[in-house]
Amino acid sequence: MEGPATVATWQSLVDRVGKAIGCSAWREVDQATIAAFGATTGDRYFLHMDPERAQATPFGATIAHGLLTLSLVPGMGYEVCPYVEGARYPLNYGFNRVRFVAPVIVGSRLRACFVLQRADVISADQRQLTYDVTVEREGQERPALVAEWLMRYVG
């Protein structure tokens, strides 16, 4: 997906502060994805890259890099978090807070759920939305990740 799937007025977003925006579709994290991320970033730690050695750990299998899980947030957000009407483009402005709460075992299915926490006017041509994000692991009580994500809209 190239960017946010829906469009909303600034005022309608201001009115949704404190409310759930929605959850993305489930996405499986397979070994090929984990291996590609490890190769790209240079993080080749055996817990991520070596299924045979990882089998002997308490996890019983490889686990996704925490930063891989975090990197899935923008794409998942594009599925449910609206584009600000009239903005020329959005910018992933980063994260204020990130915690890796539980491991993502290879083959896990994840989805991200978004709550609009803040809607701030930064300047005459910039608006910022702050989302509380929870990346859930299907069938598990504890999430994989919780974060505060900033999206800035220019224009």
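General remarks:
- Selection over region 131-155 of residues that are of a type in the set (V, I, T) and closer than 15 Å to A8 by Cα gives a count of 1.
- From the options A5, A32, residue that is surrounded by 12 or more Cβ atoms within 10 Å (Cβ to Cβ) and among the small types (G, A, S): A5
- Among the conditions (1) under 23 Å from Q11 (Cβ atoms); (2) hydroxyl-bearing (S, T, Y); (3) not in a helix (DSSP H, G or I), the only one that Y78 does not satisfy is (3).
- Members of region 96-155 that are β-branched (V, I, T) and either at positive phi or assigned to a strand (DSSP E or B) (or both): V98, I105, V115, V121, I122, T130, V133, T134, V135, V146, V154
- Here S24 clears all of (1) at negative phi; (2) loosely packed, with under 15 Cβ neighbours inside 10 Å; (3) of a type outside the set (V, I, T) except the condition numbered (2).
- Subset tally (residues that are crowded, with 16+ Cβ neighbours inside 10 Å and more than 15 Å from T130 (Cβ to Cβ)) for region 8-21: 1
- Picking from residues in region 36-93 that are loosely packed, with under 15 Cβ neighbours inside 10 Å and of a type in the set (S, T, N, Q), the one that is nearest to V17 (Cα to Cα) is N92.
Values in this text are rule-based calculations from the coordinates and carry no lab data. Here the structure is a predicted model, which is why all the values come from computation and not from measurement. Using ideal geometry, Cβ is built from the backbone for each residue, glycine included, and neighbour counts are taken over all protein chains shown.
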